[in-house]
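Here is the structure we will look at, set down as structure tokens.
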Amino acid sequence: MTYYRNEPKSQDRLCVSQKKLRENSVEFPTVFASNHRNFNQDNSGTHKLLALINQTEDPEAVGTTLLLYCKAPDLFIKRVASDPVNWTKIVKPGGVFLPFNASYNSFKLPSGLIVYMGHTTIIDRATRSITVSLAGEYPYTQKPYVYISQDARVNTDRYATQIYTYDIERDSFKVYTTWPDPRSAVAVRFTWIAIGV
Amino acid sequence: MPYTADIPKPDDVVSASQPPLRENTNTIATIFEVDHQSFNTPNAGGHKKVTFNDGPDYVPAATTLLMYNKVSALTGLQQLYWRRTGGDPVPITEARPYEAFTHDELHYNWFYLPCGLLVKYGFSWTNPRQREVNLNQPGFPLYTNTPYVFASQGGFNGAPATFGIIRLSSIAPNRFFANSNINDVPFTWFSIGI
């Protein structure tokens, strides 16, 4: 069905005018009901849901508005003079969530803070250290805060060593360990998470 | 205010058509401005707010992302969900009703991040009885993939008697172990995953 704009025309005969008005009177509530409680219902005018149709370009926020929109497949928020923030994307290398891998996952918080998290192994017994890369789809523009926690793959590998972070930069950080632990022949593994902008 | 659809009828005289058309015009403006900037105002058509009614799990059409409100089966509370085409619903606002910090390892908290990642956080000890933490307790949302898990020594009452170094191990979707170089080190932990 069609919604007629700027109708009826002044030259329309009454029967033509009636038809256009009648079709509009049906079409308007039909379209309105796609997202809203419809006319003649409880809470009419409120939303049943908010269906965000894919936008191919980032829309511009103006004045005091704040935009919420979809650029498929993700949800974005944008305020005036700011970059859009993707609320819903989890960067998963190869499309797989990777807790134990040399690679890592990342995402943004609604505030725009960027989070990287990964799992790494120190294998260089000479330097007892490793450089962890923070280069990825969401580059940090300032140094992030980094947290680490030591872990192992099996429960029998239970003895811990000391580890700490140093040389934290926008695109990398380093981790040092007191390893080799005389009681353990295995490498030192740790989970890490970085938060920043 | 009533709205009358499918008018005017072909046989309506003008004087009969005018009142319901006039009423419809007013009703449209009144209903529209519940959540939107009204006609003849700056930013007309923009949203003032979005009042979400309680609904079912709506299914999005192609290249559409939905937001809606539904009562969560986990918490029994209204939650705001988003859902993309072909995806599962994500409860943006859902969290376990907060339980204050406790030394009981079974009473940890959890919440969802907007991107859909699930965060759980709690407390336990590295002694043989409590060093295995069950991440997927009955009634809690479940990890289906191995999460990232972090631990930090502390959380005891009073000053620590000893310092320990904690190493987690055997991390899986449903549990992890915490071991230390000395016995019975208390620690707080959190995990992030899907």
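No lab work stands behind these numbers, since they all come straight from the coordinates. All figures in this text were calculated on a predicted structure; none of them were measured in a lab. When we count neighbours, we look across all protein chains shown, and the Cβ atoms used for this are built from the backbone with ideal geometry, even at glycine.
A few comments on the model shown:
- Relative contact order (%) - criterion: Cα under 8 Å, at least six apart; region: the range B:1-51: 26
- Once the C-beta distance of B:ALA73 and B:HIS47 is scaled by a Förster radius of 41 Å, the resulting FRET efficiency is 0.90 to the nearest 0.05.
- Crossing angle, helix B:14-32 versus chain B [Cα axis fit, 0-90 degrees, rounded to tens]: 20
- Helix-derived mean residue ellipticity, 222 nm - over chain B, DSSP H n ≥ 4, -39500 (n - 2.57), to 500: -3500 deg cm²/dmol
- The range A:78-118 and the range A:7-65 have Cα centres spaced 36 Å apart.
- Inter-label distance, B:SER38 to A:LYS143: 5.6 nm, where each label sits 7 Å from its Cα along the C-beta direction.
- One Cα centroid belongs to the range B:151-194, the other to the range B:82-113; the line between them spans 21 Å.
- Highest to lowest packing among A:163-172, A:105-114, scored as the average C-beta count within 10 Å: A:105-114, A:163-172
- Inter-chain neighbour count for B:168-179: the average number of beta-carbon atoms from partner chains within 10 Å of each residue's beta-carbon is 5.
- Overall form of the range B:46-159 per C-alpha gyration tensor (a/c, 1.5; a/b vs b/c): prolate
- C-alpha long axis of helix A:14-32 to longest principal axis of chain A, angle in °: 20
- Rough spin-label spacing in nm, given labels placed 7 Å along Cα→Cβ, for A:GLU60 and B:ALA62: 3.1
- Note on A:21-32: average number of Cβ atoms from other chains within 10 Å of each residue's Cβ is 4.
- Taking B:ASN136, B:ASN24, B:ASN53 in turn, the Gaussian network model of chain B (Cα-Cα springs below 10 Å) assigns the largest fluctuation to B:ASN24.
- Subset of A:LYS9/B:LYS48; A:LYS92/B:LYS120; A:LYS71/B:LYS48 violating a 25 Å alpha-carbon distance limit: A:LYS9/B:LYS48
- Of B:MET67, B:PHE39, A:ILE123, farthest towards positive along the dipole that unit charges on Lys, Arg, Asp, Glu beta carbons give the protein assembly as shown: A:ILE123
- Peptide A:55-63 has a mean shielding of 1, counted as Cβ atoms of other protein chains within 10 Å of each residue's Cβ.
- Shape of the range B:1-58, Cα gyration tensor, a/c cut at 1.5: oblate
- Ordering of A:121-133, B:117-129 by packing [mean C-beta count within 10 Å, highest first]: B:117-129, A:121-133
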